[in-house]
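Participant: Quick one: the structure is below, and I'll ask about it shortly.
The values are calculated or read from the model by the stated rules, or taken from the named source; none is laboratory data. The shown structure was predicted, so the numbers you read here are calculated from the model rather than taken from an experiment. Every residue, glycine among them, receives a Cβ derived from its backbone with ideal geometry; neighbour counts consider all protein chains shown.
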């Protein structure tokens, strides 16, 4: 039975939609690259979801993996993925409140009270974790939003708490909407289709990345695929975690394909997806994907889940998946030495990771720390400050001088021998002209200091052709005249066809420990004399500038999902997370027993991430964390409904 939503609920939802809409429009209007396009896209997405609320459950998993342009915008606190989420929330809340309809009777039958209790537990632990995080950073709430540099603050600032927490807030709001929408809009089915679409986009990006930079079939080059996961500018396994969740949906697409041509298209996606996983060269991702695929194959056999095209196609599907895994595995392992070298270092890497985990656990120094954690987003600050040798390799802090002029404080590691040159401030530029580049900068330092300025072909973490030069920074209290240098190195005028598509990146790296360079302006001129940088005097903060770590990432990640939750949220948060997993698992088990293919693929996706969680943390990667939350809420929304794909007696 369908009944009206009480007026206060509808008014509250509409008010929240209005606030989110104003915030989204404000951010979109200040987009550094394409404010008109972003604002228009935001409005279209909002109208689409308000008209067809089910569309949001497709749009989010489809677009989140590619909805970030951080290297071009310089945004690290918010990005385009947040605007997408806000647009979907505005449209979904507006539709729910204006139509004043719910499926309360259906929800009650399927465990509404359990959902509400779980949702409140998650919301409470999040609110408490945010309170602890802000308190731990030593910032007064009344002054929190007076920080002019908030959009560009580092991972050890209070704003990292906001950066991590915002995705948890989005996830809670989406969970509430999903529960209100189910079963009318079948969100789990739309999420599954959206995951297939998102995986397709990621695979296309990977084919472009490998083709342009490393070569599609060069497996000896030490180049690990990163796709469009810019959060990996400080390392981590964002793409690994995403693929662990997403690849089972390629298998699901093959299994549920009703016609031969769709089966062939889904198999093509499976081939490229496996290729993508293999080119990450992540041993953890290999194992997690294998676990999820084995689970899906065995469960399909034991539970007699029938493929849409019939039992014979099921046998062909299992055979094709095994063939793809075998052939591509042989190609990667036998086609180059890079993965073989990584395998030989597995024992040493594991010992190093265990030591890293122990250092993270040692941050919990009191019973209160163990019970409630250090606060949301506070691992990085504590690790960099308290672990011997665990400090950042560098930092770039936007600030104003005593005279009120904008500048960037560019620093290397705190002490000698701590990975000098492993951190840089970067900007994307065009390197299509013939000849070298010339730089002109204004900077000063209280200590003798040097900067390394380079222009390289780069996608994210790996350099190819480079021009570079050392620049000595004068030891003065204020800046003198501009410093100039001509970059020397590889020419960019003899690049082959595919190399011409490589993007150029300017990088400014502090080359000495213990020194801080106050960088007031930076200009780069190509061989024609054209100035190629944007926001060269930092008057717009760090718009268009992107900090990047190179080769050393430990202060940013604990590399274990469960330790991550324990350290930042305490035993209380870990217990609530376990309850959430058990709740989702119970719903999935009911769906599996009833032959629901959505439950089958969601089980594979969640299992893949939970398996990878033993060696990868994801809470510090907002987009990936939000996709996990979507899968978790989708798992609970199934409620054991039988899909049109039924059991069969044999495969």
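Participant: Could you tell me whether the stretch 248-271 includes any residue that is closer than 23 Å to residue 459 by Cα, crowded, with 21+ Cβ neighbours inside 10 Å and touching a helix residue (DSSP H, G or I) at 6+ places or on another chain (Cβ under 8 Å)?
Facilitator: So far as the stretch 248-271 goes, no, none of its residues is closer than 23 Å to residue 459 by Cα, crowded, with 21+ Cβ neighbours inside 10 Å and touching a helix residue (DSSP H, G or I) at 6+ places or on another chain (Cβ under 8 Å).
Participant: Here is a check on your reading of the model: is residue 221 surrounded by fewer than 21 Cβ atoms within 10 Å (Cβ to Cβ) and without any contact (Cβ under 8 Å) to a residue 24 or more places away in the chain?
Facilitator: No, not satisfied.
Participant: Find the helices (runs of 4 or more DSSP H) located wholly in the stretch 342-425 whose residues include 2 or more that are modelled with pLDDT under 85, and list them.
Facilitator: 346-361
For every residue, the table says whether it meets (1) modelled with pLDDT of 95 or more; (2) surrounded by fewer than 22 Cβ atoms within 10 Å (Cβ to Cβ); (3) part of a strand (DSSP E or B).
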position: 514; (1), (2), (3): no, yes, no
position: 521; (1), (2), (3): no, yes, yes
position: 542; (1), (2), (3): no, no, no
position: 551; (1), (2), (3): no, yes, no
position: 570; (1), (2), (3): yes, no, no
position: 575; (1), (2), (3): yes, yes, no
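Participant: One residue is enough: does the stretch 556-565 have a residue meeting the conditions in a loop (DSSP other than H, G, I, E, B), at pLDDT 90 or above, within 21 Å of residue 153 (Cβ to Cβ) and touching a helix residue (DSSP H, G or I) at 6+ places or on another chain (Cβ under 7 Å)?
Facilitator: For the stretch 556-565, residues in a loop (DSSP other than H, G, I, E, B), at pLDDT 90 or above, within 21 Å of residue 153 (Cβ to Cβ) and touching a helix residue (DSSP H, G or I) at 6+ places or on another chain (Cβ under 7 Å): present.
Participant: While we're here: Yes or no: residue 45 crowded, with 22+ Cβ neighbours inside 10 Å, touching a residue at least 60 places away in the same chain (Cβ under 8 Å) and either in a loop (DSSP other than H, G, I, E, B) or under 25 Å from the mean Cα position of the chain (by Cα) (or both)?
Facilitator: It is false that residue 45 is crowded, with 22+ Cβ neighbours inside 10 Å, touching a residue at least 60 places away in the same chain (Cβ under 8 Å) and either in a loop (DSSP other than H, G, I, E, B) or under 25 Å from the mean Cα position of the chain (by Cα) (or both).
This table checks each residue for (1) surrounded by fewer than 21 Cβ atoms within 10 Å (Cβ to Cβ); (2) part of a helix (DSSP H, G or I); (3) modelled with pLDDT of 90 or more; (4) in contact with a helix residue (DSSP H, G or I) (Cβ under 8 Å, 6 or more places away or on another chain).
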{"site": "84", "(1), (2), (3), (4)": "no, yes, yes, yes"}
{"site": "88", "(1), (2), (3), (4)": "no, yes, yes, yes"}
{"site": "123", "(1), (2), (3), (4)": "yes, yes, yes, yes"}
{"site": "126", "(1), (2), (3), (4)": "yes, yes, yes, yes"}
{"site": "131", "(1), (2), (3), (4)": "yes, yes, yes, no"}
{"site": "144", "(1), (2), (3), (4)": "yes, yes, no, yes"}
{"site": "154", "(1), (2), (3), (4)": "yes, no, no, yes"}
{"site": "171", "(1), (2), (3), (4)": "no, yes, yes, yes"}
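Participant: Here's a follow-up. Any residue at all in the stretch 6-27 that is modelled with pLDDT under 95, assigned to a loop (DSSP other than H, G, I, E, B) and closer than 29 Å to residue 155 by Cβ?
Facilitator: no
Participant: Name the one entry in 473, 486, 508 that is closer than 21 Å to residue 428 by Cβ and at pLDDT 85 or above.
Facilitator: 508 is the lone residue from the list that is closer than 21 Å to residue 428 by Cβ and at pLDDT 85 or above.
Participant: Another question about this same structure. Which residue, of 53, 65, 32, is at pLDDT 95 or above and either within 22 Å of residue 164 (Cβ to Cβ) or in a loop (DSSP other than H, G, I, E, B) (or both)?
Facilitator: 65 is the lone residue from the list that is at pLDDT 95 or above and either within 22 Å of residue 164 (Cβ to Cβ) or in a loop (DSSP other than H, G, I, E, B) (or both).
Participant: Going by the structure shown, is residue 529 at positive phi, part of a loop (DSSP other than H, G, I, E, B) and touching a residue at least 24 places away in the same chain (Cβ under 8 Å)?
Facilitator: Criteria not met by residue 529.
Participant: If you don't mind, there's one more thing I want to ask. Can you find a residue in the stretch 218-232 that is in contact with a strand residue (DSSP E or B) (Cβ under 7 Å, 6 or more places away or on another chain) and assigned to a loop (DSSP other than H, G, I, E, B)?
Facilitator: No, because not a single residue in the stretch 218-232 is in contact with a strand residue (DSSP E or B) (Cβ under 7 Å, 6 or more places away or on another chain) and assigned to a loop (DSSP other than H, G, I, E, B).
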